[in-house]
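Coordinate-derived values only; no laboratory data. Note that the structure is a prediction, hence the values are computed from the model and not measured. Positions of Cβ are backbone-derived with ideal geometry, glycine not excepted, and every protein chain shown enters the neighbour counts.
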Amino acid sequence: MNDWIFQCNPRRYDLAAAISRSLDDSWNTPRQRSQIAVGDRVWMAIVGPHDPGIHYLATVTSPPYTIPEDEFGRWRTDIHYDYRIEPFLARAELLDDPVVGKVTALRGFQGSNRLLPEGAGQRLAELAGNRLRPLDSRRGALAPSPDLDVGRAIERHTGEVRRRLKEEIARLSPLEFELLVARILGELDFEVEHVGQTGDGGVDAEAILSLRGLTAVRTMVQAKRWSHTVGSRVVRELRGALRIDERGLIITTSDFSADAREEAQAEGKARIGLLSGDDLVTLCLERGIGVTTRRVVLYELDLVSLKPGEADTG
């Protein structure tokens, strides 16, 4: 079992209010995801000028999964809040401790999640000691509503489908990936001519596109079936190959470096569109490529209709 620090900024998320609604939650976990496991212990820390420190103890209840990116990111891990720490472990108290006082995650760390070094979790458990108050006994801290349960189940399922679909796209042959790119762009109302090249082993492909029904815009497309990040050099090379009347688009199974994104949007230069592996998966889901959808019947109680009305009793 690992111990984690999950940080909460009260200006962005009201942790106490969330716990009052449900003891189950999901948390943004962009760091060290491969080490997160069900059953791990989570020390919930509040940062900022007001009452900084560890306020709650939770348990990991799902492996990390992805969702469409929101203000908190795209990686999520489900947790269950077990205890409120009362009085909470104040930051000043923690920094004075000879064991946890040296832990980076407690000394100004800014982020969402961080793995604690060996021994730090046990020391926090000793410090929390008799301060732990079970949340299950709290009035108002009820089990999650059916809607919340269903919503989280759908979110987890969708995250798993996204993960597996991205893996399968990465397993496509170079030609299959080029044809998938051409198909998706065709779904977006472009006229596509596939002119895949094999000079570099089939990793790159180009398509000449024109926007249907409007003034033609010649767009040169490169398909990068890569596992590593696409850098700014690729952006510059594509821009250098463009004619004055052409636009550029790079589509990859991986992602783009910060330098590549900055270069693609550089002022005074031809803009280059960038489509990452996650963007590609989103388009596949929206267009029904590689996935199917199904309707699920959800029953809810209607006890009023269960009892006979006045008209039924005469």
Take THR282 and ASP70, extend 7 Å from each Cα along the Cα→Cβ direction, and tell me the distance between the two endpoints in nm.
1.4 nm
Using the count of nearby Cβ atoms within 10 Å as a rough guide to exposure, how do ILE244, ILE251, ILE79 rank from fewest to most?
ILE244, ILE79, ILE251
The FRET efficiency for ALA125 and ARG163, from their Cβ-Cβ distance with R0 = 35 Å and rounded to 0.05, is 0.60
Given a Förster radius of 45 Å and the C-beta distance between ASP189 and VAL297 as r, what FRET efficiency does 1/(1 + (r/R0)^6) yield to the nearest 0.05?
0.80
Cα shape, the range 3-144, gyration tensor, a/c 1.5 rule:
rounded
Please work out how much length the chain gains when fully extended from ASP96 to ALA17, using 0.36 nm per residue of separation minus the C-alpha to C-alpha distance, in nm with one decimal.
25.5 nm
List SER257, SER305 from most exposed to least, where exposure is judged by having the fewest other Cβ atoms within 10 Å.
SER305, SER257
Treat the count of other C-beta atoms within 10 Å as a stand-in for reagent exposure and order ILE36, ILE208 from fewest to most.
ILE208, ILE36
